[in-house]
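Read through the structure below, which is laid out as structure tokens, and then see the notes.
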Amino acid sequence: MNITVKEIASLVKGTIFGDENTAITNLAKIEEAEKGDLTFLYIGHYLKYFKTTQASAILVKSDFNRDRTDITYIVVDDPNKAFFKIIRTYLEPEFPLSGIDNTAYVHPDAKIGSNVALGKNVVISKGCIIGNNVKIFHNTVLLENVEIGDDSLIFQNVSIREDCKVGKRAIIHPGAVIGSDGFGFEPDAEGVFHKIPQVGNVILEDDIELGANVCIDRASLGSTILRQGVKLDNLVQIAHNVTVGDNTVISSQTGISGSAHIGKNCMIAGQVGIVGHIDIADKVILIAQSGVSKGISKPGTYFGAPAKEFRHAMKLEAHIRNLPEYAEKISTLEKEIEELKKLINKA
């Protein structure tokens, strides 16, 4: 980077306090920033670093106390969003992969679009359709009839099983498994479990991003579906026949059981567990480590195991924390009642 504060302020529609010609050569966290760096401050936790930061410029809100004169301020409505807009504009990463490596295998019946790049040991099986401008990195395997949409980026060691479909502009991080068998078994009279064939597929619509080691099971019948714009963190498990609605985001170590239906624009935090065969409404927020044991029909924030409406859950948590005090009070009251009984009996 070699830009000025004036250019940055123009990009993020900010107001400058200080030298508009200050040169910026890098972006950095406030606690690590050095001369020539631009940083940002958007939550109070990081305010402690402001007095010692060596940054040349900083993105702040309008009510920030600009008491240092050796730093240039760019005032914006949302420093967090402004900072990431700058990253996307000036530091968008490039992934240098071009052409088809001579160790890659492409079946003669596969259809490959223009400007496709395949890394070392990539396998493209019979009937696959690969769109334009797709990059598939080393050791990734696509089994029969897989479709990959235009402008998708698939990193190394990804496995996509037969008949699965990936939309346009997908980003799939290392180790993801798409289309593994759903967890379907039926016990016989002796309690021995027998595998139920999983004959469906997985459909990922456009603008999906999957983190490292995500697992999405194929449907037993029909499709497991992630709708447009869904983002999954690392280590998320999606079971067979689940549907996840548009623009829902799911954090690490969350597991969703079979045939659950998740609505649009939901936010599911880490280590949430969701039982199968339930519906969750649009615009639901599930706080970390919640356990969802029944359907949720209204938008809102939920917490706990079993998950409850957030305010109600917080009241219950407060009572639980006070249980020792309650127990002591109850014991005292019981003793007082016994004393009163004795007095009444004497009378």
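Structure summary
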| item | result |
| --- | --- |
| Residue check, residue 22 among the β-branched types (Val, Ile, Thr) and either under 30 Å from residue 136 (Cα atoms) or in contact with a Leu (Cβ under 8 Å, 6 or more places away or on another chain) (or both) | no |
| When residues of region 81-111 are limited to those that are polar (S, T, N, Q) and farther than 11 Å from residue 12 by Cβ, the one surrounded by the fewest Cβ atoms within 10 Å (Cβ to Cβ) | 102 |
| Spans of strands (runs of 3 or more DSSP E) in region 188-243 with at least 2 residues surrounded by 21 or more Cβ atoms within 10 Å (Cβ to Cβ) and modelled with pLDDT under 95 | none |
| Of residues in region 34-61 being in contact (Cβ under 8 Å) with a residue 24 or more places away in the chain and among the small types (Gly, Ala, Ser), the one nearest to residue 15 (Cα to Cα) | 57 |
| Close pairs (8 angstrom Cβ cut-off, 6 or more residues apart or separate chains): in contact (Cβ under 8 Å) with a residue 60 or more places away in the chain in region 230-247, of a type outside the set (A, V, I, L, M, F, W, C) and in a loop (DSSP other than H, G, I, E, B) anywhere | 234/173; 234/211; 234/213; 234/252 |
| Condition met for residue 297 (of a type outside the set (D, E, K, R), closer than 16 Å to residue 256 by Cα and either touching a helix residue (DSSP H, G or I) at 6+ places or on another chain (Cβ under 8 Å) or assigned by TED's automatic domain parsing to the domain that holds residue 255 (or both)) | no |
| Selection from region 29-56 of residues that are of a type in the set (Phe, Trp, Tyr) and touching a helix residue (DSSP H, G or I) at 6+ places or on another chain (Cβ under 7 Å) | 40, 42 |
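The values are calculated or read from the model by the stated rules, or taken from the named source; none is laboratory data. Keep in mind that what you see is a predicted model, and the values were worked out from it rather than measured. Cβ atoms come from the backbone with ideal geometry, glycine included; neighbour counts cover every protein chain shown.
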